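Provided herewith is a single structure, encoded as structure tokens, for subsequent inquiry.
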């Protein structure tokens with residue numbers, strides 16, 4: 001793992017909490033986008049070398065909506081930046097780590113992502129995140 005790329009936080013409404021991150025915490029919003037294949041709207045805020053990702057469900061059947069129903073708003077996942085996501089997935093599987101994603105899928109900002117299953121990680125949802133060199137900040 002190269003670094004913590006971002007920390008994902010599940011929220012009911014990005015519009016309702018965005019001002020807190022900008023005005024109270026002084027973080028710069030890098031942009032907001034919809035990731036239809038994951039059923040979320042996301043907003044990224046720069047925080048030093050890492051980012052905060054707010055995740056708002058687009059519908060009641062998205063994984064983030066189910067998370068909010070079960071646990072409420074709060075930390076959803078921690079994402080590690082990786083160089084070769086395919087290699088990291090294979091290494092983790094060889095080490096006995098259960099994966100949610102056995103192949104990378106498209107995430108926010110065009111990144112390739114894959115999630116580790118919390119049953120292998122002491123209950124924490126971790127994400128692998130590989131970005132194209134032009135996406136690095």
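Counting every Cα pair in the chain, what percent are over 26 Å apart?
That fraction is 20 percent.
Relative contact order (percent) for the stretch 44-137, with alpha-carbon contacts under 8 angstrom and 6 or more residues of separation?
Averaging sequence separation for qualifying contacts and normalising by length gives 24 percent for the stretch 44-137.
In nm, what is the difference between 0.36 nm times the number of residues separating residue 49 and residue 117 and their Cα-Cα distance?
21.9 nm
Could you grab the relative contact order for the stretch 1-84? Cα pairs under 8 Å, six or more apart, rounded to a whole percent.
44
Next question. Which ordering of 116, 55, 92 is given by a fewest-first count of other beta-carbon atoms within 10 Å?
92, 116, 55
Let me ask something else about it. So how do 85, 78 line up by other beta-carbon neighbours within 10 Å, fewest first?
78, 85
Assuming R0 = 30 Å, what is the FRET efficiency of residue 4 and residue 69, from their Cβ-Cβ distance, to the nearest 0.05?
The formula returns an efficiency of 0.65 here.
Relative to the longest principal Cα axis of the chain, at what angle does helix 85-94 sit, 0 to 90 degrees, rounded to 10?
So the helix axis and the longest Cα principal axis differ by about 60 degrees.
With springs only between Cα atoms under 10 Å, which of 54, 106, 30 fluctuates most in a Gaussian network model of the chain?
Per the Cα network of the chain with a 10 Å cutoff, 30 tops the list.
Once you've got the GNM for the chain with C-alpha springs shorter than 10 Å, pick whichever of 91, 36, 103 has the biggest mean-square fluctuation.
91
Read-outs: derived from the displayed coordinates by stated rules, not from any lab. Nothing here was measured: the structure is a model prediction, and the numbers come from that model. Positions of Cβ are generated from backbone atoms using ideal geometry, with glycine treated the same way; all protein chains shown enter the neighbour counts.
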